[in-house]
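Below you'll find the structure, written out as structure tokens, and then a few comments.
Please treat every number below as a calculation from the coordinates, not as lab data. Just so we're clear, the structure is a prediction, and the values are computed from it rather than from any experiment. All Cβ positions, glycine included, derive from the backbone under ideal geometry; neighbour counts span all protein chains shown.
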Amino acid sequence: MGPMIEVSELTKRYGGKTAVDRLSFTVRPGRVTGFLGPNGAGKSTTLRMILGLDAPTAGAATVDGVPFRRHPRGLRHVGALLDASHVHGGRTAAAHLAALARSNALPRRRVDESLAEVGLTEAANRRVGGFSLGMKQRLGIAAALLGDPPVLLFDEPVNGMDPEGVLWVRNLFRRLAAEGRTVFLSSHLMSEMENTADDLIVIGRGRLIAAEPLRDFATRGTHRAVAVATPQAAELAAVLTAAGAIVEREGPTPEPERDAATPERERPTPEREYPAATRRLTVTGLPATRIGALAHEHRIRLDELTPHTASLEAAFMELTATATEYPAGRPR
Ligand SMILES: Nc1ncnc2c1ncn2[C@@H]1O[C@H](COP(=O)(O)OP(=O)(O)OP(=O)(O)O)[C@@H](O)[C@H]1O
């Protein structure tokens with residue numbers, strides 16, 4: 001069994017303000033666990049307490065059963081990226097990592113290995129001050145990997161990365177977890193988690209909202225919708241409605257309402273090459289498999305059957321709506 005992170009009744013108060021409120025959860029090895037919550041939810045504070053950088057007001061956080069502060073192995077045990085901009089700008093990337101390696105008694109070769117791992121070999125001798133935020137994130141990840149630790153914590157690691165960087169970092173996290181490590185990463189965006197995380201810990205206003213596999217979280221959303229296209233729209237609508245679904249009919253092919261929170265690739269495809277008689281329906285309240293089975297039973301032809309995972313963002317928003325400290329205005 002690899003190392004687990006265990007947070008138990010963890011609480012942090014700043015004056016009269018409770019930043020983290022009796023939070024309990026477990027982060028398992030061999031999986032990527034996403035730590036989600038709106039801005040100000042208490043994610044950074046929780047990560048700092050796990051790392052022993054902040055003392056809890058009450059409760060405890062342990063790594064492998066021991067408070068992190070008491071672990072003698074430092075970077076060999078837990079690697080963390082908290083704030084990528086927190087690096088001395090006058091140093092080169094290699095010098096920054098070499099200093100870390102020295103103070104943690106790590107072999108110098110780990111510097112080159114870590115730089116290679118994050119794709120910064122070419123930039124090794126450039127000053128960090130000239131790095132983009134994305135490059136700083138990579139350097140921060142290299143620092144976390146320096147000690148080849150079994151536990152890795154990342155606070156908003158995707159911030160400032162370009163799409164290629166996002167894809168790269170996603171694969172890196174998946175690989176680190178596949179190697180059996182415990183990978184815990186925070187984000188305020190569900191979209192960053194959905195192709196990365198196996199498990200989710202969702203918090204709002206310092207409190208636990210959900211702790212479960214991402215797949216379970218996704219299917220809880222009441223906004224789960226399935227796009228269906230069929231030349232027998234009226235017939236199918238009747239069958240599905242009788243089975244308890246809510247069916248909305250789309251016009252010929254109007255542009256779906258733009259939802260800024262949903263990545264482009266998940267938005268319903270507005271037009272496709274369908275036979276002229278085909279109509280698109282949006283179905284909520286029934287899973288795609290059931291819709292397919294019902295259509296088959298009634299000999300109704302389907303030209304499309306697409307469950308929309310956009311519901312993930314919706315489920316997150318819905319769950320955290322009441323727990324948001326500074327609710328964001330709807331994008332105009
Ligand atoms: N040192 C501090 N003193 C006072 N209040 C603090 C301190 N650190 C954090 N807080 C407050 O605790 C709450 C949680 O902050 P935290 O940074 O942990 O949230 P977060 O989920 O990481 O949000 P973000 O994504 O914005 O960083 C916020 O209301 C914040 O203002």
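Here r is the Cβ-Cβ distance between Asn125 and Arg69 and R0 is 25 Å; the resulting FRET efficiency, rounded to 0.05, is 0.10. Extension gain, Arg108-Thr57: 0.36 nm per intervening residue step, less the Cα-Cα distance, totals 14.5 nm. Between Arg207 and Arg76, the simple label model (points 7 Å from Cα in the Cβ direction) yields a spacing of 4.3 nm.
Distance between the modelled labels on Glu235 and Asn39, one decimal in nanometres: 5.3 nm (7 Å Cα→Cβ projection). Taking the range 1-24 and a reference point 7 angstrom along Cα→Cβ of Asp216, the backbone N atoms nearer than 19 Å belong to 4-9, 23-24. Using the average count of surrounding beta-carbon atoms within 10 Å as a protection proxy, the listed peptides 179-185, 151-157, 293-299, 90-96 rank, highest first, as 151-157, 179-185, 90-96, 293-299. Contact order, relative form, for the range 5-213: 32 percent (alpha carbon pairs under 8 Å, 6 or more residues apart, mean separation divided by residue count). Only Cα pairs under 8 Å and 6+ residues apart enter the sum, and on that basis the relative contact order of the range 1-81 stands at 35 percent. Each residue of the range 172-183 was assigned a 3J(HN,Hα) from its phi angle through the Karplus expression (A = 6.51, B = -1.76, C = 1.60, θ = phi - 60°), giving 4, 4, 4, 5, 4, 5, 5, 6, x, 7, 8, 10 Hz with x at Gly and Pro.
For the pair Asp162 and Tyr14, the difference between a 0.36 nm per residue extended length and the Cα-Cα distance amounts to 49.8 nm.
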